[in-house]
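The values are calculated or read from the model by the stated rules, or taken from the named source; none is laboratory data. As the structure is a computational prediction, the values presented were derived from the model and not from experiment. Cβ placement follows ideal geometry from the backbone for every residue including glycine, while neighbour counts extend to all protein chains displayed. Surface areas here come from the heavy atoms of the whole protein model, side chains and all, with no ligands, DNA or RNA. Shrake-Rupley method; radii C 1.70, N 1.55, O 1.52, S 1.80 Å.
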Amino acid sequence: MEETPRSVGEASTTNFVVARPSAKTDDAVTMRGCGFGNFGVDREELRRRIVMPEYLRLAMRDCIKRKDSTAVPDHLVLPGAAAATEELAHHAPMVVFINPKSGGRHGPVLKERLQQLMSEEQVFDLTEVKPHEFVRYGLACLETIAAEGDECARECRERMRIMVAGGDGTVGWVLGCVGELHKEGKSHIPPVGVIPLGTGNDLSRSFNWGGAFPFAWRSAMKRTLHRATLGPVAKLDSWSIVVSMPSGEVVDPPYSLKPSEETALDQALDADKDVPPKAKSYEGVFYNYFSIGMDAQVAYGFHHLRNEKPYLAQGPVTNKIIYSSYSCTQGWFCTPCVSNPGLRGLRNIMKIHIKKANCSEWEEILIPKSVRSIVVLNLDNYGSGRHPWGNLKPNYLEKRGFVEAHCDDGLIEIFGLKQGWHASFVMAQIITAKHIAQAAAIRFELRGGDWKDAFLQMDGEPWKQPMKTDYSTFVEIKKVPFQSLMINGE
């Protein structure tokens, strides 16, 4: 059932509808998501749809370069721009961000192809132009010109769509920067689509852009851009995360976690006895998943191996082989005999409190014995298109007090993975994961002891979190008040 988009920032073009992403995972959907279809796309017609008028492209480029949204050269502004405005009747202006390190390091070739299909000024290399610079100076440049009475600039700003060529982490980066427009009270928030170049591509799968970009990428790129001009808009919950730890701890967080001057933990949960007198905090946002435990430890090791030996990262298939091999060396499949059996489960170092839907009270939930990894999942897809939460039957949902999971329902699913064999069966979709809870907010409390460090990750970015025995480290997750907008590739 489709519904009309809401009034604030969700009607970027007149033909948008808001639709929930499909949960289909068959090969036909994957192929269609990657750009294969039963139609041809005329290149010149595509350019007419997505390419902005030259004077606006150049104005945006100059404002981004000068980092000043008002630095528009007088000779570029065409008063009225009536002719250009008339051409925008069926226009869907678009920009593309590309991560040159994704897609088996084929970014430069893909970038060249995109520039051929669009224009050089509408394709942004993320090593040169950051998403927040485009939002702060590029989009603001269009607003500046529109404020002078230029209808063409106004139409381009209101109809703007964004495609991201990269993995889930790159897509999340762009979504986070675009989300700043919500905080500023801006309307006409650009929706975001995906050209899947990462390893897992779960965001891409969830919104029907496929699990990998095809080998015949030249023709597929053209069809993908065409479908991005027509796709309906779907909503996506995003989740804020606060990590509060004792002051003095040294941590190397991922780029999506930023230092925060204030500890923004919910004071409704009485944990005064465990809160350090001085704490430092980091804040961030995730869209796909957050996890603690062995899976994050494996991801941390793989991440560092890839950075130390980048020649190993030749593409998604190679990455998956290395990742699987690395997990076998980390003790997930068989805990070393010298290890204390009491250390195997996360319940030895962690407590979990949750808030259920429409409830203001925190409730402690028990961590199942022998669970070595806990995952907080927002999407239907995880780990390259797997469905660890499963398609649960109505009677089971009712028995557990759960509801059917969706990525726009304001709830997030918590499940556990035991040893590597259990995780393997879950990922093979032979069994479902250990269901723990559905929640509207979560707080993890981590306390050290024989464990000196915990491993955490969010949206594929892992880090090592030191733990103290005297005071707790807290991780609090809450829903962001606004929803992100995604272009559905179906």
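Tell me the net charge near GLY416. Cut-off is 9 Å between Cβ atoms, GLY416 excluded, with +1 for each Lys or Arg and -1 for each Asp or Glu.
On the way: positive: ARG372, LYS418, LYS434; negative: none.
Summing Lys and Arg as +1 and Asp and Glu as -1 gives +3.
Could you name the lysines whose alpha carbon sits less than 17 Å from that of LYS356, not counting residues in the same chain fewer than 8 places away?
LYS399, LYS478, LYS479
Using just the alpha carbons, could you tell me how many Å³ per residue the convex hull of region 399-447 encloses?
Hull volume over Cα atoms, normalised by residue count, gives 116 Å³.
For region 399-466, which trypsin sites (Lys or Arg not before Pro) are in a loop by DSSP, counting at most 11 other Cβ atoms within 10 Å?
Counting only loop positions with at most 11 other Cβ atoms within 10 Å, the trypsin sites (Lys or Arg not before Pro) in region 399-466 are LYS452.
Give LYS67/LYS130; LYS183/LYS235; LYS101/LYS222 a once-over and call out the pairs whose C-alpha atoms are over 19 Å from each other.
LYS101/LYS222
Can you give me the solvent accessible area of THR170 with a 1.4 Å probe, rounded to the nearest 10 Å²?
Spelled out: THR170, probe radius 1.4 Å, area about 10 Å².
Where the convex hull is taken over the Cα atoms of region 375-490, what is its projected area averaged over directions, in nm²?
Numbers: hull surface 37.9 nm².
For the Cα atoms of region 375-490, the hull's average projected area reads 9.5 nm².
Taking N as the number of residues in region 143-256, what is its alpha-carbon radius of gyration divided by 2.2 N^0.38 Å?
Ratio of Rg to 2.2 N^0.38 Å for region 143-256: 1.33.
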